[in-house]
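Chemist: Structure provided below as structure tokens; questions to follow.
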There are 2 protein chains.
Amino acid sequence: MTRGEQLYEGKAKIIYATDDDDYRILYFKDDATAFDGAKKGTIVAKGIINNQVSCRIFTMLAENGIPTHLVKKLSEREVLVKNVAIMPVEVVVRNIIAGSLAKRMGRPEGEKLPFPIVEYYYKNDDLHDPMINRDHVLAFGLASEAQIDQARELALKINSILQPFFADRDIILVDYKLEFGDFHGQLLLADEICPDTCRLWDAESLEKMDKDRFRRDLGKVEEAYVEVCRRVCDQ
Amino acid sequence: MTRGEQLYEGKAKIIYATDDDDYRILYFKDDATAFDGAKKGTIVAKGIINNQVSCRIFTMLAENGIPTHLVKKLSEREVLVKNVAIMPVEVVVRNIIAGSLAKRMGRPEGEKLPFPIVEYYYKNDDLHDPMINRDHVLAFGLASEAQIDQARELALKINSILQPFFADRDIILVDYKLEFGDFHGQLLLADEICPDTCRLWDAESLEKMDKDRFRRDLGKVEEAYVEVCRRVCDQ
């Protein structure tokens, strides 16, 4: 599969065409942004790490029955994926209170939720990705009823696989963002799952091992990404 | 039923005890607030109008099978109600895009929704009543599964009664806020339904006939409330 023209450059990835319109190549960059792009920076080797972590996780999820866009890893920073029509709804799964949920509900970070919470956000930079509910998704035609219900079901199934996967590696899966897309009528897990899109805390020290280190200027950002990669990929 | 001690003073109403703890007296004030209390004012005779409009609507809803807290109107500004344990979740029903939904989704006010949207807000002044979803309601114990599902069902049933009721009076029911409360195991419609809690537009001119006239300094606030009262109560 040959890498064709650049179709889109996002905050963390570039999407390239291939010679088959059913497939795309994703290229993982080192660029890091936070707070809606207000904060910009670079995390050295982030693209390499995220591609490796995400491919490992997507492969593991596929082995556990989750349909994903992953075809195969092509190089350190490149992955071949199915060309899905991305649903403009980010699906967030939360196991522990942190980030915007802590602020929204006035609760301290770290409180365990009695069951996983699923939230939907409208993917729209101009509107700063507002939180929406299932009614908004349907009324504004962001997804069909079957799609949003399947996305929720898949998200909860993914959570039941990912939580023990990370726990085995002494990592608490606090919360994370998933994206789904349609590929010839089938809903596939798309985008990436990595320290950019998850909150991951060390199970012993509760130290943050994810993009919050960059967002909150906690230092040792690269070291955290490398350590997540080591625990996820070496085991 | 004798009016006892003042139990609580809210932004628009005062709650009094009675000699039977199963009952409360609500007293409707003329105080008007907006934007989380940042804007304060008075709408002359608002308390009288809102009590009259709300009693008319609650009576009509009860005749149509909606369980409500209303026992009976006691005076111009006072109503006797069942002492419900208010669910700390505001239920908003929307038929037309306006207000925070227009902002959230980047759409113009006035667009008709393909079907009514239901939103939940956590009643908490300090947190500025954040929007939440069903998962938050359950995970934070704000209501039981049966309660929140019944609240949604009642809200949609109320909407199917209220929309034609207002349409018959040449008023478009744009959106509105409902509150529910538990009374000995039964979920009752509580609080009030009036120009403070609804967006109401004249069906011909599309002129606002509700608290947005106060919020947005549109003038003729009292006139709008009186006109709503006339159309709701005289027919």
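Chemist: Tell me, which strands (runs of 3 or more DSSP E) lie completely within the stretch A:62-137 with 3 or more residues that are at the interface with chain B (Cβ under 8 Å from one of its Cβ atoms) and surrounded by 15 or more Cβ atoms within 10 Å (Cβ to Cβ)? Before you say what the answer is, go through the steps one by one.
Modeler: Working: elements: A:70-73, A:78-82, A:89-96, A:112-122.
Per the criteria, A:112-122.
Chemist: Within the stretch A:208-235, how many residues turn out to be of a type outside the set (A, V, I, L, M, F, W, C) and surrounded by fewer than 14 Cβ atoms within 10 Å (Cβ to Cβ)?
Modeler: Of the stretch A:208-235, the ones of a type outside the set (A, V, I, L, M, F, W, C) are A:208, A:210-213, A:215-217, A:219-220, A:222-223, A:225, A:227, A:230-231, A:234-235.
Remaining after also requiring surrounded by fewer than 14 Cβ atoms within 10 Å (Cβ to Cβ): A:216-217, A:219-220, A:223, A:230, A:234-235.
Number of matching residues: 8.
Chemist: Please find, among B:Ile14, B:Ile49, the residue that is within 18 Å of B:Leu218 (Cβ to Cβ) and surrounded by 17 or more Cβ atoms within 10 Å (Cβ to Cβ). Spell out the reasoning first.
Modeler: Details: B:Ile14 fails: within 18 Å of B:Leu218 (Cβ to Cβ).
Just a single option satisfies the conditions, and that option is B:Ile49.
Chemist: Here are the criteria: (1) among the charged types (D, E, K, R); (2) away from chain A (no Cβ under 12 Å); (3) closer than 19 Å to A:Ile132 by Cβ. Tell me which single one B:Glu179 does not satisfy.
Modeler: Going through the list (1) among the charged types (D, E, K, R); (2) away from chain A (no Cβ under 12 Å); (3) closer than 19 Å to A:Ile132 by Cβ, B:Glu179 breaks only (3).
Chemist: Could I ask something else about it? So which residues in the stretch A:16-40 are among the hydrophobic types (A, V, I, L, M, F, W, C) and assigned to a strand (DSSP E or B)? Steps first, answer last, please.
Modeler: Just the residues of the stretch A:16-40 that are among the hydrophobic types (A, V, I, L, M, F, W, C), to begin with: A:17, A:25-26, A:28, A:32, A:34-35, A:38.
Result: A:Ala17, A:Ile25, A:Leu26, A:Phe28, A:Ala32, A:Ala34.
Chemist: Regarding the stretch B:102-125, can at least one residue be identified that is without any contact (Cβ under 8 Å) to a residue 24 or more places away in the chain and among the small types (Gly, Ala, Ser)?
Modeler: Scanning the stretch B:102-125 turns up at least one residue that is without any contact (Cβ under 8 Å) to a residue 24 or more places away in the chain and among the small types (Gly, Ala, Ser).
Chemist: Check whether at least one residue in the stretch B:138-161 is touching a Phe, Trp or Tyr at 6+ places or on another chain (Cβ under 6 Å), facing chain A (nearest Cβ under 7 Å) and not hydroxyl-bearing (Ser, Thr, Tyr), and report yes or no.
Modeler: Narrowing the stretch B:138-161 to residues touching a Phe, Trp or Tyr at 6+ places or on another chain (Cβ under 6 Å): B:151.
Narrowing the set further to residues that are facing chain A (nearest Cβ under 7 Å) leaves none.
There is no residue in the stretch B:138-161 that is touching a Phe, Trp or Tyr at 6+ places or on another chain (Cβ under 6 Å), facing chain A (nearest Cβ under 7 Å) and not hydroxyl-bearing (Ser, Thr, Tyr).
Chemist: Between a residue in the stretch B:64-78 that is not assigned by TED's automatic domain parsing to the domain that holds B:Leu187 and any residue that is modelled with pLDDT of 95 or more and polar (S, T, N, Q), which pairs come within a Cβ distance under 8 Å, given they are 6 or more apart or on different chains?
Modeler: Listed by first residue and then by second, the contacts come to B:Pro67/B:Gln186; B:Leu70/B:Thr59; B:Lys73/B:Asn51; B:Lys73/B:Gln52; B:Glu76/B:Asn51; B:Glu76/B:Gln52; B:Arg77/B:Asn51; B:Glu78/B:Asn51.
Chemist: May I ask you to verify whether B:Arg199 is surrounded by fewer than 23 Cβ atoms within 10 Å (Cβ to Cβ), under 27 Å from B:Ile48 (Cα atoms), of a type outside the set (Val, Ile, Thr) and touching a helix residue (DSSP H, G or I) at 6+ places or on another chain (Cβ under 6 Å)? Lay out the reasoning, then the answer.
Modeler: On the way: surrounded by fewer than 23 Cβ atoms within 10 Å (Cβ to Cβ): yes; under 27 Å from B:Ile48 (Cα atoms): yes; of a type outside the set (Val, Ile, Thr): yes; touching a helix residue (DSSP H, G or I) at 6+ places or on another chain (Cβ under 6 Å): no.
For B:Arg199, the condition - surrounded by fewer than 23 Cβ atoms within 10 Å (Cβ to Cβ), under 27 Å from B:Ile48 (Cα atoms), of a type outside the set (Val, Ile, Thr) and touching a helix residue (DSSP H, G or I) at 6+ places or on another chain (Cβ under 6 Å) - is not met.
Chemist: Something else now. Out of curiosity, is A:Ile193 among the aliphatic types (A, V, I, L, M) and buried (at least 24 other Cβ atoms within 10 Å of the Cβ)?
Modeler: On the way: among the aliphatic types (A, V, I, L, M): yes; buried (at least 24 other Cβ atoms within 10 Å of the Cβ): yes.
Here the answer is yes, as A:Ile193 does meet what is asked.
Chemist: Just the residues that are touching a residue at least 60 places away in the same chain (Cβ under 8 Å) and more than 20 Å from B:Gly110 (Cα to Cα), please, taken from the stretch B:217-235. Reasoning before the result, please.
Modeler: Step one: of the stretch B:217-235, the residues touching a residue at least 60 places away in the same chain (Cβ under 8 Å) are B:221-222, B:225-226, B:228-229, B:231-233, B:235.
Within the stretch B:217-235, B:Val221, B:Glu222, B:Tyr225, B:Val226, B:Cys229, B:Arg231, B:Val232, B:Cys233, B:Gln235 meet the criteria.
Chemist: Considering only residues that are more than 18 Å from B:Glu179 (Cβ to Cβ) and in contact with an Asp or Glu (Cβ under 7 Å, 6 or more places away or on another chain), which ones fall in the stretch B:100-132?
Modeler: Applying the first criterion (more than 18 Å from B:Glu179 (Cβ to Cβ)) to the stretch B:100-132 yields B:101-115, B:126.
Answer for the stretch B:100-132, where residues must be more than 18 Å from B:Glu179 (Cβ to Cβ) and in contact with an Asp or Glu (Cβ under 7 Å, 6 or more places away or on another chain): B:Ala102, B:Gly106.
The values are calculated or read from the model by the stated rules, or taken from the named source; none is laboratory data. No experiment lies behind these values; they were computed from the predicted model shown. No Cβ is skipped: glycine too gets one built from the backbone with ideal geometry, and neighbour counts run over all protein chains shown.
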